[in-house]
Structures are given as C-alpha cells and as structure tokens.
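Some notes on the structure that comes next.
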Amino acid sequence: MSLLARLEQEKQVTPTYRETTELRPQRGEPNPLIQLKAQVHDRLVKAIDPQLLKESEDPANAEAIKALVEETIISVCREEEPDLPRAQQARLTEEVLSEVLGFGPITGLLEDETVSEIMVNGPKKIYVERQGRLALTGVTFRDEGHLLQIIDKIVSPLGRRIDESSPMVDARLPDGSRVNAIIPPLALNGPTLTIRKFARDPLTIKDLIRFGTINEQMAQFLEACVKVRLNIVVSGGTGSGKTTSLNVLSSFIPPDERIITIEDAAELQLRQEHVISLEARPANIEGKGQISIGDLVRNSLRMRPDRIVVGEVRGGEALDMLQAMNTGHDGSLTTGHANSPRDMLSRLETMVLMSGMELPVRAIREQIASAIDLIIQQARLADGSRRITHITEVQGMEGDVIVLQDLFVFDQKGVDTDGKIWGELRSTGIRPKFWEKFDLAGIELPPDLFAHY
C-alpha cells in the first residue's frame, strides 16, 4: 500500500499520543483537533506529489514534505480554528508528520535513545525496555487497522508482505533495528510488533567496559583472539546482547581483510571499508524463491572471504558454517542461542542434524571440536544488566566427549542497595592451549592475565 493510500485511510484518524520522557498518557484531546487532523489529511492527499512520498527518505524530500505539512496545518487552522493554541498546533504538526514520515505513534519511542526495545501487544498496549527493565507506556494506536498500516509501512520497502496467508515476518528499519511482526489469526491479542533497536552509533569495546559487560583485561584478550583468527561463537539467551558483542568483536578485524556478513535480517554495523553484507530471503507467496543462510554461507566461500560473520545460526546452516571454519576460513564469528557453553555445543549438534545429513554423532562432535576455538557466554542478569559470564576454550576431543575449559568466569559477589548485581569476570588460572598463537603473531598480553586470585 502506498503512503498516499495510507494518508487517504487516515482521514478519520483519532488521537495518538507521543511520549516525552515520562511515558505518561495524555487525555482529553478536544474534538476540534480531531476534525482538524482529518481535514489536514484530506488536503495532503491532494497536495503531496506521490513521487515525493516514495522518496521521502531523501533528506531534501523529507524537508519539503515537512514544510508542506506545516503550511497546510497553518492554512487549515487559519480557516477553521483561528484561536487554536500554538501548543495544540505544534502537537498536530508533530502527529501528522509522524504518520507521513515516521511510524505513527511509536515514532517518539524510536527516537528515544533510552529505549532499547519496543513491544506492541495489540493497538492499546505498548511496552518498552529501558536498562533491561520493562515498562508500560501511554502510547496507543487507534485500532488494529492503524497498527497494521504501520507494520505494512515497515515491511513493504523490503519486499516483504504480511497478511492472513503470510502472518509472520522478520524485517528491519532503515537504521538497522530488527523488527518482528505477527498478526491474527496467529496472534490472538491482535497484531503484535517487536522492535529491537540499535544505537545510531554502534557500541564500542569502551562502552561495554563502561556498562560492566566486560573488563579491560578481558577486552584486550578478546581483541587478541580475533586478531589471531580464532573461530568464535557468542552464545546466550534472547536479549542477552549477543549481536552487540558480535559487532564489537568484528570491530577488531583488521581493515585490510575482506569480510562477508550473512544474516536473516541485516543488523550488524561493521565499520570496516571492505564489507559485503548478504541477507537471506524468505519464500514468496507461492512458496518459491527462498534463499537460506546455508545457501549464502556456501555462496560466500566462492567470494574470496578473509572472514565470514554469520549473524546467528539456528538450523541446518550450522553444518555449512562448521565446514567453512574447517576449510581454511579461520577467524569466523557467529552467535547462537544457549544457556551455557556446553549447551551451545549440544545445540550445534542438533542444528547439524537438522541439515538432513545422516552423520554419526561422533563425526559431528569432531567437526565442532576442530572448528570452534572459543565460546563467549553472555547473559542478562536479574537486574537487567548484560554480562559476559564465561569465556571458554574448546580444547578438542577425549573419547566421545568435547573437552571445554573455562578461562574466565563471572564471579557474582552480591547485590547492592539499588538491586544491582556486582561482581567481576575472573581468570580460572588456566592458560589456553592456543596461547602460542599470540606469541607467533607478536601479540603481547599482560603476564598476569591468567593469574588466579
């Protein structure tokens, strides 16, 4: 549906509420304002050039649309409500611009840098996450139709569709934020939209140190691991910060290397110059045309990669990833869902079996043990903070068992008066088997890095 058509449908719009910092609902919008908004939409449908709307992401076009909206509102107010307070007029302008250029009622939440996740549970319940804590907001959509229009506005530019025949979709916003939408009949509470926001400026290792996710010594160690081309898996639960850590780890890749990223929905924000980003494609309405992550991993091997970075492995593509790691593509990075390093290995076994290849379990474990060098376990703790809890070496096989050795483990000391968990990532006192790689690469690490206290 075009933006022009959406404007046409918005003629009967009712109040939407944009949050400020307090996230409190506003009440009692006067009826004249509702009528004015309908008249503004009616005139904009006739006045705005459809081509201008189609290219509204261009800053110059966005400014032209903004000027036209402001001019239209001033004209309508002069004719219909000359005594309308300036604050009401400003609010009307803001809401109409949110519908035309943004994403309706949630535009303010998307612009709020303190919000890390937005969860729309139907048109009347919108939650946000701030510093790991959930809070109900006063923002609402008019009805389910209004929410569906915004979902369509998000997914349509990406060539995705959402309707009763295809009621689930993964997409992304122009800034890279990840979007998942699911609608009735699968979603019983109405259309449900989840947006995982990403910072406009990608977080750096200094930010993770400041947040307490990791300390300086561990950051230095992980940087060395990336530079000596260890194959690393970042594991953790949903919302534990795996993608953020993967972004930070990838920032350590030297700028003269060719990097290929492979994702379901593009989220990674690499700053190197030589980066090729590939994105999987779902099947069309006829069930054809699907390009899986496994297909992209296999294709990437023909693209002369120095590094392959897979956003997340969750199925049969794990086998392709392991084979790439085992065939000369050292230094590959990926993430996966698991509650511990050992669970991550079990999940990888299961994912390889999902590929349909009838391999013996021992052969799968040998593939995993020879491919992966390091597992970084991340967790979201009870206070909402995100911490790296284990840095674990994969040492090889002993019999039929993959041997893991924790190098660093998060030692929780307690909880302060504000409910914040405090502790630190400590060395277990064991030096990794790949230590000689640091010496060969001329990388010097503090001699007491693996000292056990």
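Just a few scattered comments:
- Computed about the Cα centre, the dipole magnitude for segment 104-198 is approximately 120 debye when only Lys and Arg (+1) and Asp and Glu (-1) carry charge, each at its Cβ.
- Column: log10 I(q)/I(0), Debye, Cα scatterers of segment 233-296, q = 0.16, 0.25 Å⁻¹: -0.65, -1.10
- Antiparallel bridge percentage (DSSP; both residues within the chain; nearest 5): 70
- Rule-of-thumb Rg ratio for segment 205-440 [Cα; 2.2 N^0.38 Å; N residues]: 1.01
- With neighbour counts taken as other beta-carbon atoms within 10 Å, the residues Thr107, Thr238 rank, fewest first, as Thr238, Thr107.
- With respect to the chain, whose longest principal axis is taken over its alpha-carbon atoms, helix 59-80 is tilted by about 30°.
- Net charge, Arg386 excluded, C-beta distance under 12 Å - Lys, Arg +1, Asp, Glu -1: 0
- For Arg426, net neighbour charge (Lys/Arg +1, Asp/Glu -1) across residues whose Cβ lies under 14 Å away: -3
- Degrees, to the nearest 10: 144-155 long Cα axis against longest axis of the chain: 50
- With all pairs of separate Cα atoms included, the chain yields a Kirkwood hydrodynamic radius of 24.5 Å.
- For segment 145-210, diffusion coefficient by Stokes-Einstein and Kirkwood Rh (Cα), 37 °C, 0.692 mPa s, µm²/s: 250
- For the chain, a crude dipole built from +1 on the beta carbon of Lys and Arg and -1 on the beta carbon of Asp and Glu, taken about the Cα centre, is about 480 debye to the nearest 20.
- Cα-based shape type of segment 152-295, given that a ≥ b ≥ c are square roots of the gyration tensor eigenvalues and the cut on a/c is 1.5: prolate
- Cα-Cα separations in segment 104-198 greater than 18 Å, expressed as whole percent: 40
- Magnitude of the charge dipole, segment 205-440, Cβ model with Lys/Arg +1 and Asp/Glu -1, debye to 20: 140
- Along the chain, longest interval not containing exposed GluC sites (Glu not before Pro), exposed being DSSP loop plus at most 10 other Cβ atoms within 10 Å: 165-272
- Counting only aspartates and glutamates at least 8 places from Lys206 when in the same chain, those with an alpha carbon closer than 19 Å to its own are Glu113, Glu216, Glu223, Glu424.
- Local net charge near Gly159, Cβ-Cβ under 11 Å (Lys/Arg +1, Asp/Glu -1): +2
- Listed residue (Pro167, Gly145, Thr114) projecting farthest to the positive dipole end of segment 104-198, Cβ model: Thr114
- Between 0 and 90 degrees, the angle of helix 341-353 with respect to the longest Cα principal axis of the chain falls at about 80 degrees.
Read-outs: derived from the displayed coordinates by stated rules, not from any lab. Bear in mind the structure is a predicted one, so any value in this text is a computation, not a measurement. Cβ: placed from backbone, ideal geometry, glycine included. Neighbour counts: every protein chain shown.
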